[in-house]
Amino acid sequence: MIVERRAYTLLPGAAPDFWELQRRYCGTSAMTRLLSHTICYFETVAGPAEQIVHLHRFESLGEWEETYAILYRDHPAEYFTQARELLVAQETAYYRPLGTSVLTEATRPIGPPVDIVEERFDLRPGTAPRFSTEPTDELLGTYLSFLGPLHRVLQYRFHPAAPLAHHRRVAPITRGFGRTLLRPAPVATHRPLFEI
C-alpha cells in the first residue's frame, strides 16, 4: 500500500474556484476512477496558506501510474488548463504506512467531517526505524516517505494534536517539525473518509 500526498498551493483567494472546478468535472469516468483511490481532499486552516492537500491510496506505483495515465488521457483537457491557472506550486510525495492506519484501511466513512491535524517529522538520516508511536484514539495513521522528501514521517490525528510526551520522545531523532490543521473538502465526492 502506498499513499500519494499532493499539495497544491493556490493563488490567493482561488480556493472557491478550485472547488467549483472539482464539482463541475467530478463525474467523468476518469475522475471517478481517481476518486475511488481518494482518502480525502483537504484545505489548510492553519499552516501553509491557500493549500489543498489530497491523499490517495494505491496498491502499487503501477496502479498509480495506470490511474493517472487514464485521467490524463480521458479527462477533459480544459479541466487541466483551468486548474493549472489557479496553482502557484504543486508538491507530490509518496508514503508507506507505519503500522495500522485508519486512513488507508477504512472501508467506510469514519464519521462526520471534522478537522484533522497533519504533523510532519523530518528525521535525521538513518533514524526512521527508531520512530515509534503509541496507538491512541485520535491517531489516524503514521506514514514514512519513500519518494519525495526522504526521512519524513507524517502523522494524521483528530484535533487536538499529539501530546507533548510523544514529541519529546522523538525529539532526539528529529531535525524538523511542522503542523498543519486540515479541513475536509467542501465537495462531498472528494472526502470519502467522512460521511456525506
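A few points about this structure:
- Residue count, the stretch 127-141 (criterion: in a helix (DSSP H, G or I) and over 21 Å from the mean Cα position of the chain (by Cα)): 2
- When we screen Leu193, Leu144 for residues that are on the phi < 0 side of the Ramachandran plot, in contact with a helix residue (DSSP H, G or I) (Cβ under 8 Å, 6 or more places away or on another chain) and outside any strand (DSSP E or B), the only hit is Leu193.
Rundown of residues vs (1) touching a helix residue (DSSP H, G or I) at 6+ places or on another chain (Cβ under 9 Å); (2) modelled with pLDDT under 95, yes/no style:
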| residue | (1), (2) |
| --- | --- |
| Glu4 | yes, no |
| Tyr8 | yes, no |
| Thr28 | yes, yes |
| Thr32 | yes, yes |
| Thr38 | yes, yes |
| Val45 | no, yes |
| Glu50 | yes, yes |
| Val88 | no, no |
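- Test: residue in the stretch 121-131 that is closer than 22 Å to Leu35 by Cα, free of Cβ contacts under 8 Å to residues at least 60 places away in the same chain, out of contact with any Asp or Glu (no Cβ under 7 Å at 6 or more places or on another chain) and among the hydroxyl-bearing types (Ser, Thr, Tyr): no
- Some residue of the stretch 3-18 being touching a residue at least 60 places away in the same chain (Cβ under 8 Å), under 26 Å from Ile110 (Cα atoms) and either outside any strand (DSSP E or B) or more than 12 Å from the chain's Cα centre (by Cα) (or both): yes
- Test result for Ala188, closer than 28 Å to Asp17 by Cα, crowded, with 18+ Cβ neighbours inside 10 Å and aliphatic (A, V, I, L, M): no
- Pick from the stretch 151-172, criterion at pLDDT 90 or above and over 14 Å from Gly99 (Cβ atoms), ranking: farthest from the chain's Cα centre (by Cα): His151
- Considering the stretch 100-130, and only residues there that are touching a Leu at 6+ places or on another chain (Cβ under 8 Å) and of a type in the set (D, E, K, R), the residue that is surrounded by the fewest Cβ atoms within 10 Å (Cβ to Cβ) turns out to be Asp115.
- Cross-chain or 6+ apart pairs with Cβ under 6 Å, the stretch 47-58 first and on the phi > 0 side of the Ramachandran plot, then buried (at least 19 other Cβ atoms within 10 Å of the Cβ): Gly47/Thr180; Glu50/Leu10
- Residues in the stretch 57-69 that are closer than 26 Å to Gly111 by Cβ and in contact with a helix residue (DSSP H, G or I) (Cβ under 7 Å, 6 or more places away or on another chain): Arg57, Phe58.
- The number of residues in the stretch 65-99 that are over 20 Å from Pro12 (Cα atoms), loosely packed, with under 13 Cβ neighbours inside 10 Å, among the hydroxyl-bearing types (Ser, Thr, Tyr) and without any contact (Cβ under 8 Å) to a residue 60 or more places away in the chain comes to 1.
The values are calculated or read from the model by the stated rules, or taken from the named source; none is laboratory data. Only a predicted model underlies this, so the values are computations on that prediction, with no experimental measurement involved. Positions of Cβ are generated from backbone atoms using ideal geometry, with glycine treated the same way; all protein chains shown enter the neighbour counts.
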